[in-house]
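Pasting a structure here, questions to come.
Throughout, read-outs are computed from the coordinates displayed, never taken from laboratory work. Predicted model only: the values in this text are computed from it and were never measured. Virtual Cβ from ideal backbone geometry, glycine too; neighbours counted across all protein chains shown.
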Ligand SMILES: NC(=O)c1ccc[n+]([C@@H]2O[C@H](COP(=O)([O-])OP(=O)(O)OC[C@H]3O[C@@H](n4cnc5c(N)ncnc54)[C@H](OP(=O)(O)O)[C@@H]3O)[C@@H](O)[C@H]2O)c1
């Protein structure tokens, strides 16, 4: 049994906390003695996670069962962000992809993706930053993706939603800095979680070396946050990929994108 660290009295709120990258954030914060507000839709899973983290690390936990693709869900979390004890770190992590190209999609599915990946991130960031800038301290981590650095998955609107998250975080991060508040976009590459399975995306042909693990992504994100970075891209291989996406000639990227087009809807991430 690991030693129970003493709680440091600070609160973090994590969306999409029950699986994947969000669960890795929750475990890391709890191990560091943070009290946690855990947000996801599945109330049973939230309660089990809260009991496990409280038992193992001696921290306090609150849970909010909310669907962040709805206005009501966002309002519930905004209320907690405006309340006491103050949330000092917000991790906007919940996000989804769709396993179909835009031309075969529906307004309902596209709106759901935008409401979770973009609209909820905007609303919860605004609610948190109003309190944090007033208190002159705090941090917001918005989980984006390397997919946001280029339209290399033609037909996929997921990339566009993550491009918004990265640009938004960089922009707002600069205006929050003078208040002692940090905002950072976290842009992972392929990470082993429930994400692709939930979207029904077959990743069986993705080479093993491309995969990251969620605790390593979280460790690097928190190191980059301490350094004051506005954008964090974990692992050297995805740093290289992002440099390529940012600086490679447009025509080369178009060729790569054409090659990917035939695979959309079957095995893209
Ligand atoms: N995995 C990757 O390869 C990868 C790569 C780059 C970026 N990302 C990004 O990383 C973030 C986390 O993804 P992940 O891979 O950790 O996903 P995951 O394993 O599928 O976990 C998703 C979490 O979000 C919650 N969630 C889903 N829909 C929600 C909704 N409408 N309202 C509230 N909570 C919701 C889920 O719980 P409930 O189902 O109970 O709500 C779960 O806790 C996402 O923003 C994703 O875009 C992932």
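How high is the relative contact order of the chain, in percent, counting Cα pairs under 8 Å that sit 6 or more residues apart?
Relative contact order for the chain comes out at 18 percent.
Follow-up. Using the number of other C-beta atoms within 10 angstrom as an exposure proxy, rank 21, 64, 96, 141 with the fewest first.
Ascending Cβ contact count within 10 Å gives the list 96, 64, 141, 21.
How much length would be gained if the chain were fully extended between residue 42 and residue 210, taking 0.36 nm per residue of separation minus their Cα-Cα distance, in nm to one decimal?
57.5 nm
Using only alpha-carbon positions, what ratio does the radius of gyration of region 11-261 give when scaled by 2.2 N^0.38 Å?
Here the Cα radius of gyration is 0.99 times the empirical estimate.
Please give the contour-minus-distance gain from residue 175 to residue 71: 0.36 nm per residue of separation, less the Cα-Cα distance, rounded to one decimal in nm.
Computed gain between residue 175 and residue 71 is 34.8 nm.
In degrees from 0 to 90, rounded to the nearest 10, what is the angle of the helix 236-247 Cα long axis to the longest principal axis of the chain?
Helix 236-247 sits at roughly 60 degrees to that axis.
R0 = 25 Å: FRET efficiency of residue 219 with residue 83, Cβ-based, nearest 0.05?
Approximately 0.25, to the nearest 0.05.
If r is the Cβ-Cβ distance from residue 110 to residue 243 and R0 is 30 Å, what FRET efficiency results, to the nearest 0.05?
Computed FRET efficiency for residue 110 and residue 243: 0.50.
Against the longest principal axis of the chain, how steep is helix 250-261, in degrees 0 to 90 to the nearest 10, with axes from Cα atoms?
Between the helix axis and the principal axis of the chain, the angle is about 90 degrees.
Roughly how far apart, in whole Å, are the Cα centres of region 80-120 and region 32-72?
Cα centroid of region 80-120 versus Cα centroid of region 32-72: 18 Å apart.
With 10 angstrom as the radius, rank 10, 135 by how many other C-beta atoms surround their C-beta, starting from the fewest.
135, 10
Helix 20-31 versus the longest principal axis of the chain: what is the Cα-based angle in degrees, 0 to 90, to the nearest 10?
It is inclined by approximately 30 degrees.
With N residues in region 28-131, what two-decimal value do you get for its Cα radius of gyration over 2.2 N^0.38 Å?
Expressed relative to 2.2 N^0.38 Å, the Cα Rg reads 1.19.
Hey, fewest Cβ within 10 Å first, where do 158, 190 land in order?
Starting with the residue having the fewest Cβ neighbours, the order is 190, 158.
Follow-up. What distance in nm separates the simple spin-label points at residue 126 and residue 62, each placed 7 Å from Cα in the Cβ direction?
2.1 nm
Can you give the extra length, in nm with one decimal, that the chain gains between residue 133 and residue 203 once fully stretched, where that is 0.36 nm per residue apart less the Cα-Cα distance?
Between residue 133 and residue 203, full extension yields an extra 21.1 nm.
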